[in-house]
Amino acid sequence: MQFHHDNVADIAAPMSAVFGFLDDPQHLTAHMGKGSWMMGGGGMTTAVDEGRGQAPGSHIRLSGTAFGLSVYLDEVIEKREPGRSKRWRTVGPNRLLVIGDYAMGFELTPRGEHTQARVYIDYDLPRQHAWLGKLLGSYYARLCVDKMLRDAQAHFGRDMQGERAIRHRAA
């Protein structure tokens with residue numbers, strides 16, 4: 001993949017609980033299901049197969065609209081180490097606007113009673129409208145990664161704002 005973005009956050013919960021939250025595709029895609037400015041007023045629905053997006057080879061499919069255009073993606077779980085990490089990537093023909101094919105994941109590290117979570121994305125520009133990816137791709141990648149980390153923090157009762165909560169790491 002051509003581009004990379006990752007962030008790290010402290011989450012006030014043990015690793016097993018944080019893994020349980022981040023392992024659920026419904027939690028990670030919740031921010032895309034609502035009509036938001038990030039989705040141009042549109043939203044996406046999430047569908048999982050019998051592996052529920054929680055087993056290697058399992059699929060997660062998202063479809064909907066963004067900025068009035070139809071979007072679709074199919075992800076497959078590449079790696080899952082229960083309690084520690086998970087990685088998934090897009091497969092097949094996807095219809096994305098701002099970023100192209102991508103691989104995403106998270107890694108957890110114990111920090112006493114807390115957990116350090118690192119969420120990352122490696123991505124290419126979209127096949128169509130590469131100019132849009134050049135303009136907004138890094139911004140969108142950062143928003144997605146930050147949103148996943150903040151949702152996890154908020155779920156465990158600690159929604160810290162600013163650089164203390166999420167440390168942006170240079171690619």
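The values are calculated or read from the model by the stated rules, or taken from the named source; none is laboratory data. Treat the numbers as computed from the prediction; the structure is a model and nothing was measured. Positions of Cβ are backbone-derived with ideal geometry, glycine not excepted, and every protein chain shown enters the neighbour counts.
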Among 143, 149, 125, the single one that is modelled with pLDDT of 90 or more and farther than 18 Å from residue 3 by Cα is 149
- Query: Residue check: is residue 102 buried (at least 18 other Cβ atoms within 10 Å of the Cβ), out of contact with any Lys or Arg (no Cβ under 6 Å at 6 or more places or on another chain) and at pLDDT 95 or above?
  - Reply: yes
In the range 1-30, residues that are outside any loop (DSSP other than H, G, I, E, B) and touching a strand residue (DSSP E or B) at 6+ places or on another chain (Cβ under 7 Å) total 15
Checking the structure you have, find out if any residue of the range 126-137 is closer than 23 Å to residue 153 by Cα, out of contact with any Phe, Trp or Tyr (no Cβ under 7 Å at 6 or more places or on another chain) and surrounded by fewer than 20 Cβ atoms within 10 Å (Cβ to Cβ). no
Flag for residue 72 being buried (at least 16 other Cβ atoms within 10 Å of the Cβ), modelled with pLDDT under 95 and of a type in the set (Phe, Trp, Tyr): no
Checked against (1) modelled with pLDDT of 90 or more; (2) surrounded by 14 or more Cβ atoms within 10 Å (Cβ to Cβ), residue 109 satisfies every condition except (2)
The lone condition residue 71 fails out of (1) under 15 Å from the mean Cα position of the chain (by Cα); (2) in a strand (DSSP E or B) is (1)
Of those in the range 12-45 that are in contact with a helix residue (DSSP H, G or I) (Cβ under 7 Å, 6 or more places away or on another chain) and at pLDDT 90 or above, the residue surrounded by the fewest Cβ atoms within 10 Å (Cβ to Cβ) is 21
If we keep only residues of the range 139-158 that are among the small types (Gly, Ala, Ser) and in a helix (DSSP H, G or I), then the residue surrounded by the fewest Cβ atoms within 10 Å (Cβ to Cβ) is 154
